[in-house]
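One structure below.
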Amino acid sequence: QVQLVESGGGLVQPGGSLRLACTASGSNFALAAMNWYRQTPGKQRQLVAAITSGGSANYADSVKGRFTISRDNAKNTAYLQMNSLKPEDTAVYYCNSRYHLPFDKPRESWGQGTQVTISS
């Protein structure tokens, strides 16, 4: 059973920065794609950034140039560096992992979420 624990959320002013971290338990971290989602009241959970097991990253248009996703396989941790933050970035941010081992079914795990608030 894979468990994900998020940290690093908080309150910052517009233009500020935060770095979120997601630490995973289990032995298959290096094989998994790691993803960051966010959700605001009244909206569906949306993919913000994704990184493959090989290190290729993709971003939602709304955060391109401002957010960077990375991973440290030795620490079983994925990160989301958020710069030039805007009020519209306010949301609960969720870490997600997905992997599919041979002869097994696809696996998915979610973190509990961490609140990010951008306000003056």
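The values are calculated or read from the model by the stated rules, or taken from the named source; none is laboratory data. This structure is a prediction, so every number in the text was calculated from the model and none was measured. Here the Cβ positions follow ideal geometry from the backbone for every residue, glycine too, while neighbour counts run over all protein chains shown. These accessible areas exclude ligands, DNA and RNA; they are computed on the full protein's heavy atoms, side chains included. Shrake-Rupley method; radii C 1.70, N 1.55, O 1.52, S 1.80 Å.
Details
- Heavy-atom accessible surface of the chain: percent carbon and sulfur, 1.4 Å: 48 percent
- Listed peptides 110-117, 36-43 by packing density, highest first (mean Cβ within 10 Å): 110-117, 36-43
- Taken about its Cα centre, the chain carries a charge dipole of about 80 debye when Lys and Arg each add +1 at the Cβ and Asp and Glu each add -1 at the Cβ.
- Electrostatic tally near Ala21: other residues with Cβ closer than 15 Å to its Cβ, Lys and Arg +1, Asp and Glu -1, net +1.
- Other-chain or far-sequence residues with amide H under 5 Å of Thr90's (modelled H): Ile118
- For segment 44-79, backbone nitrogen atoms closer than 14 Å to the point 7 Å from Val5 Cα along Cα-to-C-beta are found at 76-78.
- Solvent-accessible area per residue in the chain equals 55 Å², computed with a 1.4 angstrom probe and all protein chains kept.
- Computed from phi, the 3J(HN,Hα) profile of segment 33-39 under the Karplus parametrisation 6.51, -1.76, 1.60 (θ = phi - 60°) reads 6, 10, 9, 10, 10, 9, 9 Hz, with x in place of Gly and Pro.
- Computed FRET value (nearest 0.05) for Lys43 with Gln115, which takes r as the C-beta separation and R₀ as 22 Å: 0.90
- Available extension along the chain between Arg98 and Asn28 is 24.2 nm, counting 0.36 nm per residue and deducting the alpha carbon span.
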